[in-house]
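Step one of this worksheet: look at the structure below.
The values are calculated or read from the model by the stated rules, or taken from the named source; none is laboratory data. Since we're looking at a predicted model, the values are computed, not measured. Here Cβ is always computed from backbone atoms with ideal geometry, including for glycine, and neighbour counts include all displayed protein chains. Areas reflect the complete protein model, heavy atoms only, side chains present, ligands, DNA and RNA absent. Shrake-Rupley method; radii C 1.70, N 1.55, O 1.52, S 1.80 Å.
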Amino acid sequence: MRYFIELSYNGSGYHGWQIQPKATTVQEVLEDGLSKVLSDKISVVGAGRTDTGVHATQMFAHFDTDRLFDTDDLVYKLNSFLPFNIAITTIFKVKPYAHARFDATRRSYLYRISLKKNVFTNRNAYYLKQPLDVDKMNAAAKILFEYKDFQCFSKTHTDVKTYYCNIMKAKWFLRDGEVQFTITADRFLRNMVRAIVGTMINIGLGKIAVEDLHTIIKSKNRSEAGYSVPAHGLYLTEVVYPETIKL
């Protein structure tokens, strides 16, 4: 049987999602937990790859096993076994062809910028001392809807076949003393959200004009866009699938 597992994690203590040598990752810890609880060698495939320090309030992965178990009981046992910074929400059966990465129809991210020094959020939000013009940043966010090719925001030397993404939502807002950015698309390039945020911070600081974003996107050149903001302010918040994958 194939199962989907929904989880959340604080990425501060991990070198991202994907397994890599000599580094602790979320995928590695989750596979180890599943394998021990089910007494079976389990491999998981995630909905995507979050970078070192990036958090997820909602992530999905799929795994296969012939072991019989009660899903609610497995959720309880895994949450008892896994470390404090990984939490399992649900586990459910899916059709054999269902794929956590390729069947996702859209993903959403949140980026948090703290406007004042806060000892309780210093590992969960990016502290920026300078004031930001949120109206200009929202004007720039609307420009994103006019384009599909976002190579200028992609990490260089990646193995992607296309830089096309369909952005469905992009908006800045003020909440609880923070400037926050939400963005939804059918897919994201590596480092894309952090590069978009860094570019728009430059707009909010008045370093570049709103209209300059057109030139940056058309350049398809990463060096033309802004800096990549720190990973600890970024959260994967939603992954959506068609209902047809479920049993």
Do any residues in segment 34-52 that are in contact (Cβ under 8 Å) with a residue 60 or more places away in the chain and among the small types (Gly, Ala, Ser) have Cβ atoms under 7 Å from those of residues that are open to solvent by less than 40 Å² (accessible area, probe 1.4 Å) and assigned to a loop (DSSP other than H, G, I, E, B), where the two are at least six apart or on different chains, and which pairs are they? Ala47/Ala100; Ala47/Ala104
Output the number of the condition that Leu68 fails; it satisfies all remaining conditions of (1) modelled with pLDDT under 95; (2) over 20 Å from Ala98 (Cβ atoms); (3) surrounded by fewer than 17 Cβ atoms within 10 Å (Cβ to Cβ). (2)
In segment 97-110, is there at least one residue being surrounded by fewer than 19 Cβ atoms within 10 Å (Cβ to Cβ) and modelled with pLDDT under 95? no
Out of all the residues in segment 47-70, which are among the β-branched types (Val, Ile, Thr) and farther than 16 Å from Val239 by Cβ? Thr52, Thr65
Quick check: is even one residue across segment 195-211 open to solvent by 30 Å² or more (accessible area, probe 1.4 Å), closer than 19 Å to Thr57 by Cβ and either among the hydrophobic types (A, V, I, L, M, F, W, C) or part of a helix (DSSP H, G or I) (or both)? no
For Ser80, state whether it is part of a strand (DSSP E or B), among the hydroxyl-bearing types (Ser, Thr, Tyr) and either closer than 19 Å to Val54 by Cα or without any contact (Cβ under 8 Å) to a residue 24 or more places away in the chain (or both). no
In segment 21-49, which residues are at pLDDT 95 or above, farther than 19 Å from Tyr76 by Cβ and buried (at least 19 other Cβ atoms within 10 Å of the Cβ)? Thr25, Val26, Gln27, Gly46, Ala47
Top-ranked residue of segment 151-179 - restricted to ones that are in contact with a strand residue (DSSP E or B) (Cβ under 8 Å, 6 or more places away or on another chain) and crowded, with 18+ Cβ neighbours inside 10 Å, ranked as farthest from Ser219 (Cα to Cα): Glu178
Exclusive hit being closer than 30 Å to Asn202 by Cβ, over 19 Å from the mean Cα position of the chain (by Cα), open to solvent by 20 Å² or more (accessible area, probe 1.4 Å) and not acidic (Asp, Glu), set Lys93, Lys129: Lys129
When restricted to Lys36, Lys41, the only residue more than 18 Å from the chain's Cα centre (by Cα), in a loop (DSSP other than H, G, I, E, B) and not β-branched (Val, Ile, Thr) is Lys41
Would you pick out the residues in segment 1-28 that are more than 16 Å from His232 (Cβ to Cβ) and hydrophobic (A, V, I, L, M, F, W, C)? Met1, Phe4, Ile5, Leu7, Ile19, Ala23
Filtering segment 86-131 down to residues that are touching a strand residue (DSSP E or B) at 6+ places or on another chain (Cβ under 9 Å), of a type in the set (Lys, Arg) and part of a loop (DSSP other than H, G, I, E, B), which residue is nearest to Leu189 (Cα to Cα)? Arg101
Residues of segment 111-126 classified as in contact with a helix residue (DSSP H, G or I) (Cβ under 9 Å, 6 or more places away or on another chain) and open to solvent by 30 Å² or more (accessible area, probe 1.4 Å), total: 5
